[in-house]
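This report refers to the structure that appears directly beneath it.
The values are calculated or read from the model by the stated rules, or taken from the named source; none is laboratory data. Since we're looking at a predicted model, the values are computed, not measured. All Cβ positions, even for glycine, are placed from backbone atoms using ideal geometry, and neighbour counts span all protein chains on display. Calculation scope for accessible area: heavy atoms of the full protein, side chains included, ligands and nucleic acids excluded. Shrake-Rupley method; radii C 1.70, N 1.55, O 1.52, S 1.80 Å.
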Amino acid sequence: MAETRILTCINCPMGCELTVGVEDGKVVSVSGNTCKRGELYAESEITAPTRTITTTVITAEGRPVPVKTAQPIPKGMIFECTAAIKSAEVHLPVKVGQVIIDDLLGTGAKVTATKSVSE
Ligand code: SF4
């Protein structure tokens, strides 16, 4: 069955509003995009939406460390992935870029520190 979805492309600050025609779970048309990336975004958002998680981990010493997923994870796993990141055991000192989790819940995504935090 055909349907129309309205999405906002998040690939750049222009935030183009995309009108996406979807039929049987597949993208059949995209309009409103200013560049090709909007079309690719619509395709992935409809068929396999992903997100990057940014959050903080509290170290064993009680200091917060900002972290993010180095690769996007499936949108449907955001809640459980965030919970897994929050429960990671981390000790100071932490260096920017340090891998906190190597493979987040089997998604293949690494979680890395986005800031150095020392004792
Ligand atoms: S379609 Fe292109 S120009 Fe528009 S928001 Fe997406 S990346 Fe930016």
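Just one of the listed residues (ALA113, ALA109) is surrounded by 15 or more Cβ atoms within 10 Å (Cβ to Cβ) and under 13 Å from the mean Cα position of the chain (by Cα), and it is ALA109.
Given the criteria open to solvent by 30 Å² or more (accessible area, probe 1.4 Å) and more than 22 Å from LYS86 (Cα to Cα), does GLU61 qualify? No; evaluated as a whole, the condition is false for this residue. Listed conditions (1) without any contact (Cβ under 8 Å) to a residue 40 or more places away in the chain; (2) closer than 30 Å to ILE6 by Cα; (3) surrounded by fewer than 15 Cβ atoms within 10 Å (Cβ to Cβ) are all met by CYS81, apart from (3).
Of all residues in the range 1-39, those satisfying the criterion of being of a type in the set (A, V, I, L, M, F, W, C), part of a strand (DSSP E or B) and more than 18 Å from the chain's Cα centre (by Cα) are ALA2, ILE6, LEU18, VAL20, VAL22, VAL27, VAL28, VAL30.
Considering only residues in the range 1-53 that are in contact (Cβ under 8 Å) with a residue 24 or more places away in the chain, more than 14 Å from the ligand (Cβ to nearest atom) and open to solvent by 50 Å² or more (accessible area, probe 1.4 Å), the one that is farthest from THR114 (Cα to Cα) turns out to be ALA2.
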